Amino acid sequence: MYDLTVIIPTYKEEANIRNIITEVDVVFKQNNLNGEILVVDDNSPDSTITIANEIKKIKPNVNSIVRLADHGLSQSVAEGFDKASSDILVVIDADLSHPPALIPAMYHEIKEGYDVVIGSRYMDGGGIKKWPLKRRIISLGATFLGRLLFPDVSDPVSGFFAIRKSVVANASLKPRGYKILLEVLGKGTWEKDKEIPFEFVDREVGSSKLKLKTIVEYAQQVIDITLFSFTHRQSAAWREWKRVFKFGLVGISGIVVNMGVLWYLTDFVGFYYLIASLFAIELSIINNFIWNDLWTFKAGASQKLSNRWHRLISFHVVSAGGLVINMGILYLLTSVGGVYYLTSNIIGILVGFGWNFMVNRRVTWKSRTGGDPQP
Ligand SMILES: Nc1nc2c(ncn2[C@@H]2O[C@H](COP(=O)(O)OP(=O)(O)OP(=O)(O)O)[C@@H](O)[C@H]2O)c(=O)[nH]1
Ligand SMILES: [Mg+2]
């Protein structure tokens, strides 16, 4: 039994296959790891398989699978998950874009108890070298979509990651396209994740296979995972819906506080109603803050803004932005667009709510580790 299996999906990588296997094997030796290397090839028409077979003869820890049907990167990685003969799985590209030197760190984090360890291009210390603007924009778009589902993961579409086998053992993965990690995060069973920064280096040799079809498949995948998370309560994205729901309930409690204070100050204390409204708004913001801090996000030292006062200030600023958005939409739709004002207001409230949740989630209650803030 091996300590870990490094899965290398390949398609037409005759120029890289030897180097990547050698580099990974050197890293194993230098770190005293008893590792398996599993090449999963989609029946490349070049000499990738021949070279892999040559290496297999010399290195007993190298294995390979040649797939004849259901061509695809994600499908190949999923098959690698199945066929790997160890409990810790690492996925790495063959084209030397990912540094094998990080494999031991990933392995040790899993040993420490993390379920998923992601090599991230989009956190402090990470980066991308030599990518044309178009690639960067496409990648950022994909990353943004992925982060809607997994706000704590900076690089949910990375091709370089490690998982414990149990994460995918019973998962009904629907692998397709390029972003197998998103599928694993969406459908796998996991709680703790960790990211390690790395610098992605564009391939020197071999051809790129990114096509428009890849982008369409990705959008379908995001929708599929979203629907999946609505019906599978153990999924990570479900934890996010729970937060959205709690945040909404807190918002409703804020309306009650607002109305109550407005009524009390106007009718009983005798304040002019607009002055009373200022107090009502402020008190409802404080009400919402307290509930969100203690309940929705269970905030504490694990937050980037670890000081409660800082979170309170941040919440005020974001809420003010939400109010401006709400009123801006109300004005634009009604006075410019001619929409009935109550209809405009509902739309304004919904967009303002989306803003408040997303920005507070990512700023006010951003977690320090990049991991999930709640168990
Ligand atoms: N088995 C298999 N592997 C694939 C397939 N497509 C790509 N790969 C491999 O998956 C890894 C990532 O593919 P790349 O083509 O490098 O994708 P990329 O890094 O987004 O783009 P470029 O590096 O610019 O080509 C490489 O090791 C490829 O050989 C496929 O259809 N099947
Ligand atoms: Mg590549």
Tell me the Kirkwood radius of the range 263-312: reciprocal of the mean inverse pair distance over distinct alpha-carbon atoms, in Å. 12.5
About its Cα centre, how strong a charge dipole does the range 41-171 have in debye, to the nearest 20, once Lys and Arg get +1 and Asp and Glu get -1 at the Cβ? 320
Using alpha carbon coordinates only, what is the Rg to Rh ratio of the range 163-264, with Rh defined as the Kirkwood radius? 1.18
Nearest-0.05 FRET efficiency for D46 and K213, computed from C-beta distance (R0 25 Å): 0.70
In Å³ per residue, the alpha-carbon convex hull of the range 281-375 encloses 95
With n ≥ 4 as the cut-off for DSSP H runs, can you work out [θ] at 222 nm for the chain, using -39500 (n - 2.57) per run divided by the number of residues, rounded to the nearest 500? -16500 deg cm²/dmol
For the range 195-315 (alpha-carbon point model, no solvent) the Debye-based log₁₀ I(q)/I(0) at q = 0.10, 0.17 Å⁻¹ works out to -0.59, -0.99
Most fluctuating of F268, F161, F198 in the GNM of the chain (C-alpha, under 10 Å) is F268
Name the residue from S229, G119, L68 whose Cα lies farthest towards the positive end of the charge dipole of the chain, charges +1 on Cβ of Lys and Arg and -1 on Cβ of Asp and Glu. S229
Hydropathy at least 1.6 by Kyte-Doolittle, axial extent at least 24 angstrom from the Cα trace: which helices of the chain, defined as entire DSSP H runs, fit? none
Which value results for Rg/Rh of the chain when Rg is the Cα radius of gyration and Rh the Kirkwood radius based on the inverse mean 1/r? 1.08
Can you divide the C-alpha Rg of the range 182-239 by 2.2 N^0.38 Å and report the result to two decimal places? 1.49
Kindly provide the pair-distance distribution of the range 105-152 built from C-alpha pairs, with 10 Å bins from 0 and whole-percent values in order of increasing distance. 20, 43, 30, 7
Charges on Cβ only, +1 for Lys and Arg, -1 for Asp and Glu, centred on the Cα centroid of the range 124-194; of P151, G188, F161, which one is farthest towards the dipole's positive end? F161
Going through the cross-link list K83/K130; K165/K366; K12/K187; K130/K213; K12/K83, which pairs have a Cα-Cα distance over 27 Å in this structure? K83/K130; K165/K366; K12/K187
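If the viscosity is 1.567 mPa s and the temperature 4 °C, what translational diffusion coefficient in µm²/s does Stokes-Einstein give for the range 291-335 when Rh comes from Kirkwood over Cα pairs?
107
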Given the options I346, I215, I65, which has the most mean-square fluctuation in a GNM of the chain, springs set between C-alpha atoms less than 10 angstrom apart? I346
Using alpha-carbon positions, the gyration tensor of the range 37-86 gives root eigenvalues a ≥ b ≥ c; with a/c under 1.5 called rounded, otherwise prolate if a/b exceeds b/c, else oblate, the class is oblate
Highest-fluctuation residue, P45, P175, P156 considered, GNM on the chain with Cα pairs under 10 Å: P45
With r defined as the distance between the Cβ atoms of L323 and R233 and R0 fixed at 30 Å, what FRET efficiency is calculated, to the nearest 0.05? 0.35
Inter-centroid distance (Cα atoms) of the range 173-229 relative to the range 95-170, Å: 9
Expressed in nm², what is the orientationally averaged projection area of the convex hull enclosing the Cα positions of the range 83-215? 8.3
Roughly how big is the range 246-340's charge dipole about its Cα centre, with Cβ charges of +1 (Lys, Arg) and -1 (Asp, Glu), in debye to the nearest 20? 420
Mind checking which aspartates and glutamates have their Cα closer than 12 Å to the Cα of K129? Skip sequence neighbours fewer than 8 apart in that chain. E199, D202, E204
Proximal aspartates and glutamates to K246, defined as alpha-carbon separation beneath 19 angstrom and excluding residues fewer than eight positions away on the same chain: D152, D293, D372
Bins of 5 Å from zero: percent of alpha-carbon pairs in the range 1-111: 2, 13, 26, 26, 21, 9, 3, 0
Determine the dipole magnitude for the chain: charges of +1 sit on the beta-carbon of Lys and Arg, -1 on that of Asp and Glu, nothing else is charged, the reference point is the Cα centre, and the result goes in debye to the nearest 20. 500
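Computed from the coordinates by the stated procedures, all read-outs in this text should not be read as laboratory data. This one's a predicted model, so the numbers in the text were calculated from it and none came from an experiment. So basically every Cβ, Gly included, is an ideal-geometry build from the backbone, and we count neighbours across all protein chains shown.
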